[in-house]
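The block underneath contains the structure these notes are about, expressed in structure tokens.
The values are calculated or read from the model by the stated rules, or taken from the named source; none is laboratory data. Every value quoted in this text rests on a predicted model; they were computed, and no experiment measured them. Please note: Cβ atoms are built from the backbone with ideal geometry, for glycine as well, and neighbour counts cover all protein chains shown. With ligands, DNA and RNA removed, areas are computed over all heavy atoms of the protein, side chains included. Shrake-Rupley method; radii C 1.70, N 1.55, O 1.52, S 1.80 Å.
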Amino acid sequence: MTEPRAERRGVRISDPQVMRALAHPARLTIMEHLSSLPAGATATECAEIVGQSPSATSYHLRELAKAGLVEPAPSRGDARERVWRTVGSSWEVDAGRDAEPDAVAAQTALIEAWLGRELDRSRGWLRRASTEPPEWYAAARLSDSQLLLTAEELTELNDAIDRLLEPYRKRTRTDPPAGARTVSIHYKALPVE
């Protein structure tokens, strides 16, 4: 494959303090929500998504801002309203191969929090699957494939998948068709042996 990599304007997180700041279910939810909204959202709007009070959500937003993950967004015209946005359209965590134990522990805690959230989403789907419309029931998928790849092939596969997903990203898809829903694609490609 020689196609170019999908262009991602993400934030690489390698600082253990930033990882610890993000390793909270509410903050992960806030980051996901804000990452899907180029214009950002207020603490009150985020509170509806997180299921916490606006004041608790505002605290989480300030902590994310201290960590350099969110920033104030341009006002919508009401000076009393504070709008927040992410500093990048996506983020990835990488303490590095030679990271200190503290960084590895922070990375592990953050990834485990994220994986727990994704597992909860899968369980939520399983609980309600029988009540979903038939077309959504048929379209949803949980699968596992064991592939035999070189590191170069895995890199090419990851890049190809990024390119396939790019046109559907919630943040940049400006005119989705009627009936479109937010869908979580949980992708991992890790050697198992």
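What to note about this one:
- Filtered residue count, segment 73-94, keeping only those that are surrounded by 14 or more Cβ atoms within 10 Å (Cβ to Cβ), at pLDDT below 90, of a type outside the set (S, T, N, Q) and assigned to a loop (DSSP other than H, G, I, E, B): 1
- Residue pairs whose Cβ atoms lie under 9 Å apart, sitting 6 or more positions apart in sequence or on different chains, and linking a residue in segment 134-156 that is in a loop (DSSP other than H, G, I, E, B) to a partner that is open to solvent by 80 Å² or more (accessible area, probe 1.4 Å), are Ala140/Val183; Leu142/Leu126; Gln146/Val192; Leu147/Glu153; Leu149/Pro191.
- Each residue in segment 126-165 was checked for being open to solvent by 100 Å² or more (accessible area, probe 1.4 Å), among the hydroxyl-bearing types (Ser, Thr, Tyr) and either touching a strand residue (DSSP E or B) at 6+ places or on another chain (Cβ under 9 Å) or closer than 27 Å to Pro25 by Cβ (or both), and 2 of them qualify.
- Sole exception among (1) closer than 30 Å to Ala189 by Cβ; (2) open to solvent by less than 40 Å² (accessible area, probe 1.4 Å); (3) among the hydroxyl-bearing types (Ser, Thr, Tyr); (4) modelled with pLDDT of 95 or more for Thr108, by number: (2)
- Sole residue being under 28 Å from Val50 (Cβ atoms) and either modelled with pLDDT of 95 or more or open to solvent by 70 Å² or more (accessible area, probe 1.4 Å) (or both), chosen from Arg171, Arg97, Arg117, Arg123: Arg123
- Residue match in segment 52-63 (condition: more than 13 Å from Ile30 (Cβ to Cβ) and of a type in the set (A, V, I, L, M, F, W, C)): no
Condition check ((1) in contact with a Ser or Thr (Cβ under 9 Å, 6 or more places away or on another chain); (2) farther than 28 Å from Pro167 by Cβ; (3) assigned to a helix (DSSP H, G or I)) across all residues:
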residue: Met31; (1), (2), (3): yes, no, yes
residue: Thr44; (1), (2), (3): yes, yes, yes
residue: Thr108; (1), (2), (3): no, yes, yes
residue: Ala113; (1), (2), (3): no, yes, yes
residue: Gly116; (1), (2), (3): no, yes, yes
residue: Arg121; (1), (2), (3): yes, no, yes
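- Count of residues meeting criterion [open to solvent by less than 70 Å² (accessible area, probe 1.4 Å) and free of Cβ contacts under 8 Å to residues at least 24 places away in the same chain] in segment 59-71: 2
- Lone qualifier among Val87, Val104 - being free of Cβ contacts under 8 Å to residues at least 12 places away in the same chain and either closer than 26 Å to Glu71 by Cα or among the β-branched types (Val, Ile, Thr) (or both): Val104
- Looking at Ala56, Ala39, just one residue is surrounded by fewer than 16 Cβ atoms within 10 Å (Cβ to Cβ) and at pLDDT 95 or above, and that residue is Ala56.
- The set of residues in segment 48-64 being more than 17 Å from the chain's Cα centre (by Cα) and not hydroxyl-bearing (Ser, Thr, Tyr) consists of Glu48, Gly51, Gln52, Pro54, Ala56, Arg62, Glu63.
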